[in-house]
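The values are calculated or read from the model by the stated rules, or taken from the named source; none is laboratory data. Everything numeric here is computed off the predicted structure, so don't read it as measured data. Cβ coordinates were reconstructed from backbone atoms using ideal geometry, including for glycine residues, and neighbour counts include every protein chain displayed.
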Amino acid sequence: MHPLADLPRPWRRPRRLRKNAVIRGLVRETRLTPDRLVLPLFVIGGENVSQPIGSMPGHARLSPDRVVAKCQEALNLGVGAFALFPAVAPELKTADATEAVNPRNLLCRAVRTLKEALPEAYVITDIALDPYSSMGHDGLVADGVIVNDATVDVLAEMAVVHADAGADMVAPSDMMDGRVAAIRTALDEAGATDVAILSYTAKYASGFYGPFREALDSAPVDSDGVPKDKKTYQMDPANAREASVEALLDEEEGADVLMVKPALPYLDVIRRLRMVTELPVAAYHVSGEYAMLKAAAEKGWLDERTCMTEALVSIARAGADVIFTYAALEYARWWKDVVG
Ligand code: PBG
């Protein structure tokens, strides 16, 4: 006879709290409402343009008027924040990325159009040079090196230009050292004291950005003197303690929100930042994470709703307050379905 077979039946039975949907709802620990989601959108020049992105089903490069329509749809579903990324025309990309600080560039035009049409839309702009750089790097390149301090000067100027266009929040995604302090100083000097900074604090040199780089045609170019990857500025996927170092610096420098990116492969880092800061923590469920689920669902290998919801809820459970996800609209529709 098994030595435990004689013991009384268990009196602790966790299954009692899983008996039906009502009790499961009562004891649910994490509830991810659509008002915690940020929808990233890709902007392209022109009018009434919607250019589908092959590796991101459901997403397209949208002209500013179409961005407005998409944001209206999102607002109706309870998603009120948007991260805009410009698909800059190839002829405007240069080695010094000066289009980044042109107050009439595509991104600024899109922000103005959006804010004029929908003042209640909360607009987050990306601060990094890659969409404007002919080399596909987030910073200026000299002698095969991504130059830190000269890049930071441009980023600070870029933030002011975005603030002038109407951005509510700027999000430096470049991983240069000292950029948060420089951006905060420049914004304050320009009188943009209300514009918040969401810092990509722990942004890893990840393979999961592939579809995003396809969307913007922004991958590092294959050419002499141009580093092939972003490993000298984005973090090593093997490191977690280093994320705490970055977090303390960003907090000291004046960041309002700290972000971890990508999300699912870095749930431990999300939790770690949750423990080291009292600031809100954001996570970016990136293009490759979205593409994987979409592709498997298209093949009928996974159930999209179940798996996408599970992925997003797990990011919240790990400690993210804010989640950037390309599936924000789908999720908000499913949510409506559940709560009626
Ligand atoms: C670039 C930037 C990237 C993403 C956001 N901002 C790509 C990169 O660093 O190469 C990726 C987002 C995604 O994959 O969804 N500054």
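Miscellaneous remarks
- Scope the stretch 193-242; condition in contact with an Asp or Glu (Cβ under 9 Å, 6 or more places away or on another chain), within 24 Å of Phe42 (Cα to Cα) and of a type in the set (A, V, I, L, M, F, W, C); matching residues: Val195, Ala196, Ile197, Leu198, Ala202, Ala205, Phe208, Leu216, Ala219
- Checked across the stretch 233-247, the condition of being among the β-branched types (Val, Ile, Thr) and touching a residue at least 12 places away in the same chain (Cβ under 8 Å) holds for no residue.
A quick yes/no check of all residues on (1) basic (Lys, Arg); (2) surrounded by fewer than 22 Cβ atoms within 10 Å (Cβ to Cβ); (3) in contact with a strand residue (DSSP E or B) (Cβ under 6 Å, 6 or more places away or on another chain):
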{"residue": "Tyr284", "(1), (2), (3)": "no, no, yes"}
{"residue": "Met292", "(1), (2), (3)": "no, yes, no"}
{"residue": "Arg305", "(1), (2), (3)": "yes, yes, no"}
{"residue": "Ser314", "(1), (2), (3)": "no, yes, no"}
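- Looking only at residues in the stretch 187-202 that are over 21 Å from Ala87 (Cα atoms) and in contact (Cβ under 8 Å) with a residue 40 or more places away in the chain, the one that is farthest from the ligand (Cβ to nearest atom) is Ala196.
- The stretch 215-250 - residue that is within 12 Å of the ligand (Cβ to nearest atom) and among the small types (Gly, Ala, Ser) and, of those, surrounded by the fewest Cβ atoms within 10 Å (Cβ to Cβ): Ala219
- Any chance Tyr209 is at pLDDT 95 or above, within 15 Å of the ligand (Cβ to nearest atom) and not in a strand (DSSP E or B): yes
- Identity of the residue in the stretch 103-143, touching a His at 6+ places or on another chain (Cβ under 8 Å) and within 16 Å of the ligand (Cβ to nearest atom), that ends up farthest from Ala165 (Cα to Cα): Asp130
- Only one entry of Leu329, Leu248 meets the criterion of being farther than 23 Å from Asp126 by Cβ and at pLDDT 95 or above, and that entry is Leu248.
- Applying a threshold of 8 Å to beta carbon distances and a minimum spacing of six or more residues, or different chains, the list of pairs starting in the stretch 1-30 at a residue that is over 24 Å from Ala316 (Cβ atoms) and ending at one that is surrounded by 10 or more Cβ atoms within 10 Å (Cβ to Cβ) and at pLDDT 85 or above reads Arg16/Ile23.
- The one condition in (1) away from the ligand (no atom under 13 Å from the Cβ); (2) closer than 27 Å to Trp335 by Cα; (3) touching a Pro at 6+ places or on another chain (Cβ under 9 Å) that Ser287 fails to fulfil: (1)
- Hits in the stretch 322-340 (condition: surrounded by 14 or more Cβ atoms within 10 Å (Cβ to Cβ) and not in a helix (DSSP H, G or I)): Val322, Ile323, Phe324, Thr325, Tyr326, Ala327
- Remark: pairs (first residue in the stretch 57-84, at pLDDT 95 or above; second residue aromatic (Phe, Trp, Tyr) and part of a loop (DSSP other than H, G, I, E, B); Cβ separation under 6 Å; 6+ apart in sequence or on different chains) = His59/Tyr326.
- Condition check for Met175: at positive phi, part of a loop (DSSP other than H, G, I, E, B) and of a type in the set (A, V, I, L, M): yes
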